[in-house]
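Notes to accompany the following structure.
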Amino acid sequence: MRLVMDENGDVHVTGMPLLFADTLGRVPALLESEDPRARERLAPRTFEDDEEEAQWRRLSTPDLLHLIASRAETVRSDLAALRWEPDGPGDTFALTIPAAHRPAFEAALNGAVQSLYGSSGLSQEELQRNPGELGDLDRDIALLRIRWLTAFLGDLLMVQERGMLDDTIDEMEGDDTDDGDIDGDGDGDGDDDEPRA
Amino acid sequence: MKTLLRPRTTVAATETETDTATLTRVGRPWNVVVHDDPVTLMEYVTKVFMEVFAYPHAKAQELMLEVHQTGRSVVWTGARERAEGHVQKLQGRHLIATLEPSPE
């Protein structure tokens, strides 16, 4: 998969694998999830004091939910333009993210990851494991999608510095260690060697 | 937070911004606190701090690292109304942000 940012700031994604395109297509629904565990991640507690929190929930949370819904629509409209690449290496797709939509896309990706993390019930320890090791298909898929969406968000941030990026999400599909070069810098060190909280 | 990118610059000493002029009008200051979570990219957090608070990269990165290493960071202190606005922006970008009264 390749990301290129043009002179207008639009990001052109090509060579997007089918399974990743499917995951990306789920982002709006993840933002709109009604799962209480996802909602808790998307609209977290703000005050320790219960009265303050109740007031915040009444006055501010609706605005937050409206913003999230608006972002979901923005991403949904961009994803509607997802197109199959007839001359691609296989079942790959292309997508353009307009410059004006990049901030919404970035926030939406992080929100989708939060939603998935909350609704899947994955523990922090499980996040460090490889998809396929959790012994539960739904949780393994959730972990894989979290990895992909996080990697794509990282790519979106990095392409703004570099202008062009050859990502390895397509390679990750066949990588049984799944800690490969998701930072896309070509040195293959990925992120699993780095400290995490 | 998940690590994606390595620090680009040496982190400089910083201080938490306080809107003291506003404080004298509306009372005690409030802290905007950002908490660590295991799925948000560190570089994304840095970018959000730069966008929301207009912090330079070095300061934004230092605060991000404090979140990552200690579990939380007071990223802004000041008048309650502005603090609430900052929390709304941080939560709108899906960072785990809370408000707490600043110790006197």
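Cβ-Cβ contacts under 6 Å between residues 6 or more apart (or on different chains), taken from a first residue in the range A:103-132 that is in contact (Cβ under 8 Å) with a residue 12 or more places away in the chain to a second residue that is of a type in the set (Gly, Ala, Ser) and assigned to a helix (DSSP H, G or I), are listed as A:SER115/A:ALA38; A:LEU116/A:ALA142; A:GLY118/A:ALA38; A:SER119/A:ALA38; A:SER120/A:ALA142. Of the helices (runs of 4 or more DSSP H) lying entirely inside the range A:83-175, the ones with 3 or more residues being within 18 Å of B:THR46 (Cβ to Cβ), out of contact with any His (no Cβ under 9 Å at 6 or more places or on another chain) and of a type outside the set (Phe, Trp, Tyr) are found at A:102-120, A:137-162.
Listed here are the residues, each with its yes/no results for (1) in contact with a strand residue (DSSP E or B) (Cβ under 7 Å, 6 or more places away or on another chain); (2) not acidic (Asp, Glu).
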| site | (1), (2) |
| --- | --- |
| A:ALA38 | no, yes |
| A:GLU52 | no, no |
| A:ASP63 | no, no |
| A:PHE105 | yes, yes |
| A:SER123 | no, yes |
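For the range B:80-104, the set of residues classified as within 11 Å of another protein chain (Cβ to nearest Cβ) and in a helix (DSSP H, G or I) consists of B:ARG80, B:ALA83, B:GLU84, B:GLY85, B:VAL87, B:GLN88, B:LYS89, B:LEU90, B:GLN91, B:GLY92, listed by residue number. Please go through the range B:55-69 and give me each residue that is more than 11 Å from the chain's Cα centre (by Cα) and either without any contact (Cβ under 8 Å) to a residue 24 or more places away in the chain or within 18 Å of A:THR46 (Cα to Cα) (or both), ordered by number. Within the range B:55-69, B:PRO56, B:GLN69 meet the criteria.
Restricting attention to the range A:19-53, which residues are out of contact with any His (no Cβ under 9 Å at 6 or more places or on another chain), among the hydrophobic types (A, V, I, L, M, F, W, C) and surrounded by 14 or more Cβ atoms within 10 Å (Cβ to Cβ)? Correct list: A:LEU19, A:PHE20, A:ALA21, A:LEU24, A:VAL27, A:LEU30, A:LEU31, A:ALA38, A:ALA43, A:PHE47.
Selection of the range B:46-79 for residues being away from chain A (no Cβ under 12 Å) and not in a helix (DSSP H, G or I) yields B:ALA54, B:TYR55, B:PRO56, B:VAL74, B:VAL75, B:TRP76, B:THR77, B:GLY78, B:ALA79. Of the residues in the range A:85-98, none is without any contact (Cβ under 8 Å) to a residue 40 or more places away in the chain and within 14 Å of another protein chain (Cβ to nearest Cβ). Scanning the range A:102-154 for residues that are more than 11 Å from chain B (Cβ to nearest Cβ) and hydroxyl-bearing (Ser, Thr, Tyr) gives a single hit, A:SER119. The set of residues in the range A:86-125 being among the acidic types (Asp, Glu), at pLDDT below 95 and closer than 28 Å to A:GLU34 by Cα consists of A:GLU125 alone.
The values are calculated or read from the model by the stated rules, or taken from the named source; none is laboratory data. Computed from a predicted model, the values in this text were never measured in an experiment. Positions of Cβ are backbone-derived with ideal geometry, glycine not excepted, and every protein chain shown enters the neighbour counts.
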